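Asks: One structure follows; several queries about it will come next.
The values are calculated or read from the model by the stated rules, or taken from the named source; none is laboratory data. Bear in mind that the values here come from a model prediction, so they are computed numbers and not experimental data. Please note: Cβ atoms are built from the backbone with ideal geometry, for glycine as well, and neighbour counts cover all protein chains shown.
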């Protein structure tokens, strides 16, 4: 009786094992290992860039934005005015330099020609009149300063008073210079000195004009406004880290920046075809060819904000120019893409479907069908394309199991 139970139990175990084997085999297809020509592919992240870069218009002086004359999407030519900055100090300095030049030129003319007594009296009277105006202006500045410190007036009112005083002082300097010349002789040394003062005044005016020109921001290149970050009333200052007021790019000349992991970078070269796909849904966007190679490894710049990628290995950058005829749809600046780089065809002595590969603890395996079930065989992986992967450890004609659902 005991022998019958042992025999019955063994039979049931054998039947269950056979059923399990058949169940596993029925869930997989059997494929033969074949020698194939494989077109390897490298999938990388890509981004649409302006081939000539993006020009960033920043302020070179302290001040307040009076106006920004362009908006995103506007076309501009090189030298077009894009923004105006208010800086009262530079404006006053320019006016002073202009007055200094006029005074120097008048002094030279007076030294050369000389003046009559009635002209000298007129210059003296002019000096007294302007001196009175300067005194009034200084009194007004003192009054506005007290009001401003007490919070009873605005800084713009004080600036206007200061501007009036400086202009009056400049006119007083000019009047005094003219009066001195009216009372002086016209000797050769004096004429030479006056000519020197004219030259110095002109140089001062050129410096003032150069500084004042920074209040007028112009487009450094032709293109399209791709960013407007400044608005009237914003305070600006000269700092390379500040947000640009306006950004301009030539959207008629685009290129694709591709970042490839270090492990695959050695296989790439110019002339390779690149299939561009939408980064979100994989929709084909177009094709291009690699025409420029980066010569150093660097940190990732595409998708670097993804915390999962921050610890990844360094990448090598590649670029390809965009021909609109090869694009299925227009590209946008900074658009993220998926780049599929097609490498030269390689003859693989043994290749299996990619779905047949298992990876456990860094080692690749395939399942081979046997008489009493399947066995797992370690293999080394080689080049691959979208369907097949080259392997070593198997030979053409061997069979492997390919899961139907994977």
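Asks: Within the stretch 244-276, track down each residue that is surrounded by fewer than 18 Cβ atoms within 10 Å (Cβ to Cβ), within 23 Å of the chain's Cα centre (by Cα) and assigned to a strand (DSSP E or B).
Replies: 261
Asks: All but one of (1) modelled with pLDDT of 90 or more; (2) more than 25 Å from residue 269 (Cα to Cα); (3) under 42 Å from the mean Cα position of the chain (by Cα) hold for residue 305; state the number of the condition that does not hold.
Replies: With respect to (1) modelled with pLDDT of 90 or more; (2) more than 25 Å from residue 269 (Cα to Cα); (3) under 42 Å from the mean Cα position of the chain (by Cα), residue 305 is out only on (1).
Asks: Report whether or not residue 72 is farther than 15 Å from residue 218 by Cβ, touching a residue at least 24 places away in the same chain (Cβ under 8 Å) and surrounded by fewer than 18 Cβ atoms within 10 Å (Cβ to Cβ).
Replies: yes
Let's see how each residue does on (1) without any contact (Cβ under 8 Å) to a residue 60 or more places away in the chain; (2) within 18 Å of residue 344 (Cβ to Cβ):
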| site | (1), (2) |
| --- | --- |
| 257 | no, no |
| 260 | no, yes |
| 264 | no, yes |
| 274 | no, yes |
| 278 | no, no |
| 286 | yes, no |
| 290 | yes, yes |
| 293 | yes, yes |
| 299 | yes, no |
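Asks: Now for a different question. Restricting to the stretch 383-406, name every residue that is under 51 Å from the mean Cα position of the chain (by Cα), at negative phi and at pLDDT 85 or above.
Replies: Answer for the stretch 383-406, where residues must be under 51 Å from the mean Cα position of the chain (by Cα), at negative phi and at pLDDT 85 or above: 387, 388, 389, 390, 391, 392, 394, 400, 401, 402, 403.
Asks: Still on this structure: Of everything in the stretch 329-353, what is modelled with pLDDT under 90 and farther than 15 Å from residue 46 by Cβ? Give them in sequence order.
Replies: Correct list: 329, 330, 343, 344, 345, 346.
Asks: Out of (1) touching a helix residue (DSSP H, G or I) at 6+ places or on another chain (Cβ under 9 Å); (2) under 23 Å from residue 234 (Cα atoms), what's the single condition that is false for residue 71?
Replies: Exception for residue 71: condition (1).
Asks: Can you name the residue in the stretch 337-369 that is within 21 Å of residue 31 (Cα to Cα) and touching a helix residue (DSSP H, G or I) at 6+ places or on another chain (Cβ under 9 Å) and is also surrounded by the most Cβ atoms within 10 Å (Cβ to Cβ) among such residues?
Replies: 366
Asks: Residue 164 is checked against (1) touching a helix residue (DSSP H, G or I) at 6+ places or on another chain (Cβ under 8 Å); (2) more than 23 Å from residue 204 (Cα to Cα); (3) at pLDDT 85 or above and fails just one. What number does that condition carry?
Replies: It fails just one condition, (2).
Asks: Given the conditions (1) in contact (Cβ under 8 Å) with a residue 60 or more places away in the chain; (2) surrounded by 17 or more Cβ atoms within 10 Å (Cβ to Cβ); (3) under 21 Å from residue 178 (Cα atoms), and given that residue 126 satisfies all but one, which numbered condition is not satisfied?
Replies: (1)
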